[in-house]
Amino acid sequence: MDLRSIDIKEWQNALVRDELVGYGIVSEPPASYNARYKDNAIVSMTFQFALAVWDLAEELQEAKKYAVSDQLFRSGTAIGALVREAQNGESLKDFIHKTKIALKEADETEYWLLLCIERNIQNARTCLDRLIPIVRVLNKIISTNNEKLKH
């Protein structure tokens, strides 16, 4: 199946709306000159999350937790970069593959955030709270797309 035959942005936004009812998350378009990303909820969520991770990484740097800061920054910002890359997938299979890699980065990010929470790092809980709905949406995107591939 070719991604050009589906309105991928509308489909993803519908998944985000379904998953986040009651979470109170409002999608805001990220800073981009590419119209493809405008009003795309998962792209917006992951961009806003990357900004929060950036702030937390700076907090960790100030606390001289350089190794954790670097790991968290890399994995936390990679999620949004991979979600954006997936939007330009050459096929549905490529889209799913890139989204799965974003989910793997999200899992790694969760690990670093849990370590930070255990060490009482101030804003780690806020970042984790923002990550949980992203993980749910990525899982939903992958599972519904895998169903499309089977048909």
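So is T109 among the polar types (S, T, N, Q), more than 19 Å from Y37 (Cβ to Cβ) and buried (at least 21 other Cβ atoms within 10 Å of the Cβ) or not? In short, yes. Can L103 be described as crowded, with 18+ Cβ neighbours inside 10 Å and at pLDDT 95 or above? Judged against the criteria, L103 is a match. Of all the numbered requirements in (1) in contact with a Leu (Cβ under 9 Å, 6 or more places away or on another chain); (2) in a helix (DSSP H, G or I); (3) exposed (fewer than 15 other Cβ atoms within 10 Å of the Cβ), V68 misses one, and that requirement is (3).
When region 121-151 is examined, which residues are found to be free of Cβ contacts under 8 Å to residues at least 40 places away in the same chain, closer than 16 Å to D55 by Cα and not basic (K, R)? Listed by number, the residues that qualify are L128, D129. Residues being within 14 Å of the chain's Cα centre (by Cα), crowded, with 18+ Cβ neighbours inside 10 Å, modelled with pLDDT of 75 or more and of a type in the set (K, R) are represented in region 77-88 by at least one member.
The values are calculated or read from the model by the stated rules, or taken from the named source; none is laboratory data. These numbers were taken from a predicted model, which means no experiment stands behind them. Note that we place each Cβ from the backbone using ideal geometry, even for glycine, and neighbour counts take in every protein chain shown.
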